[in-house]
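Notes for the one structure printed next.
The values are calculated or read from the model by the stated rules, or taken from the named source; none is laboratory data. Bear in mind the structure is a predicted one, so any value in this text is a computation, not a measurement. When we count neighbours, we look across all protein chains shown, and the Cβ atoms used for this are built from the backbone with ideal geometry, even at glycine.
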Ligand SMILES: [Zn+2]
């Protein structure tokens, strides 16, 4: 059964549900010799992966661009590239590769931790996060800036007040910082339930990213495909094929 995302049928003719968009999930790009959470790919691997997309006739874009293109029926050949947490290596290691392959991307940042480190990952090496200037720099280069909450909490475990601050206040801070609308949210750890998704909708986000949201799948709980250092061309090919087979079709995204 297709997941319905539009409100009411109205008088429009039925639209055949489309496959869920293919959204790649990255985090950090750099040295991955000490990487217990498997969140890092080397710049060389990212380069190979974007080359693979090109060979398949695909191009990586910001998620907002992909959703807009789908709404106009012009998303053929587009996949979304997303980068979580807002690591400082985005500017030094990711952006040059994206530019070389003419790709866009969405960067989900934590306005409550700008210039800080990823202390929510206790086992991994400390990685620097972008400063406010770094986020502005990425935005000026055409990168879509989205919110990953304020401080990287599992939102399914916080009370309503904290939830509202993490979701709505982070959006307001990022809009002030970039001077542009912020449409996208990304659930920390991919954790989402109905209450959290409702808070994200109420805060005015146009879409939100999860990882594997199951029955919540929709515009405010988009599944994503983890892409890591081990994803060579062959594995990426499989992930791309399996995504189309496994994911239920949805309307409205
Ligand atoms: Zn994260």
Legend entry - Of the criteria (1) at pLDDT 95 or above; (2) not in a loop (DSSP other than H, G, I, E, B), which one residue 102 fails: (2)
Inset, instruction - Would you be able to tell me the number of residues in the stretch 49-64 that are surrounded by 17 or more Cβ atoms within 10 Å (Cβ to Cβ) and part of a helix (DSSP H, G or I)? - result: 6
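For residue 192, are the conditions met, namely being without any contact (Cβ under 8 Å) to a residue 60 or more places away in the chain and more than 19 Å from the chain's Cα centre (by Cα)?
Criteria not met by residue 192.
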Inset, instruction - Evaluate the following for residue 178: is it more than 16 Å from the ligand (Cβ to nearest atom) and closer than 22 Å to residue 79 by Cβ? - result: no
Legend entry - residue 69 vs. criteria away from the ligand (no atom under 15 Å from the Cβ) and in a loop (DSSP other than H, G, I, E, B): no
Legend entry - Inter-residue pairs, beta-carbon under 8 Å, first under 14 Å from residue 49 (Cα atoms) and touching a residue at least 12 places away in the same chain (Cβ under 8 Å) and in the stretch 77-101, second within 16 Å of the ligand (Cβ to nearest atom) and assigned to a helix (DSSP H, G or I), 6+ apart: 80/63; 82/63
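Among the listed residues 85, 183, identify the single one that is within 14 Å of the ligand (Cβ to nearest atom) and either surrounded by 17 or more Cβ atoms within 10 Å (Cβ to Cβ) or at pLDDT 95 or above (or both).
Working: 183 fails: within 14 Å of the ligand (Cβ to nearest atom).
One residue alone meets the criteria, 85.
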Legend entry - Test: residue 252 is modelled with pLDDT under 95, closer than 24 Å to residue 117 by Cβ and assigned to a loop (DSSP other than H, G, I, E, B): no
Inset, instruction - Give the residues of the stretch 126-169 that are crowded, with 17+ Cβ neighbours inside 10 Å, closer than 25 Å to residue 92 by Cα and more than 13 Å from the ligand (Cβ to nearest atom), sorted by residue number. - result: 130, 134, 135, 138, 139, 143, 144, 145
Inset, instruction - Answer yes or no: is there a residue in the stretch 90-99 that is modelled with pLDDT of 95 or more, within 16 Å of the ligand (Cβ to nearest atom) and either within 17 Å of the chain's Cα centre (by Cα) or more than 23 Å from residue 172 (Cβ to Cβ) (or both). - result: yes
Inset, instruction - Keeping to the stretch 167-184, report how many residues are without any contact (Cβ under 8 Å) to a residue 40 or more places away in the chain and touching a helix residue (DSSP H, G or I) at 6+ places or on another chain (Cβ under 6 Å). - result: 2
Inset, instruction - Can you work out which of the residues in the stretch 23-47 that are away from the ligand (no atom under 16 Å from the Cβ) and under 16 Å from residue 225 (Cβ atoms) is surrounded by the most Cβ atoms within 10 Å (Cβ to Cβ)? - result: 46
Inset, instruction - Name, by its number, the condition in (1) surrounded by 20 or more Cβ atoms within 10 Å (Cβ to Cβ); (2) away from the ligand (no atom under 16 Å from the Cβ); (3) more than 20 Å from residue 24 (Cα to Cα) that does not hold for residue 118. - result: (2)
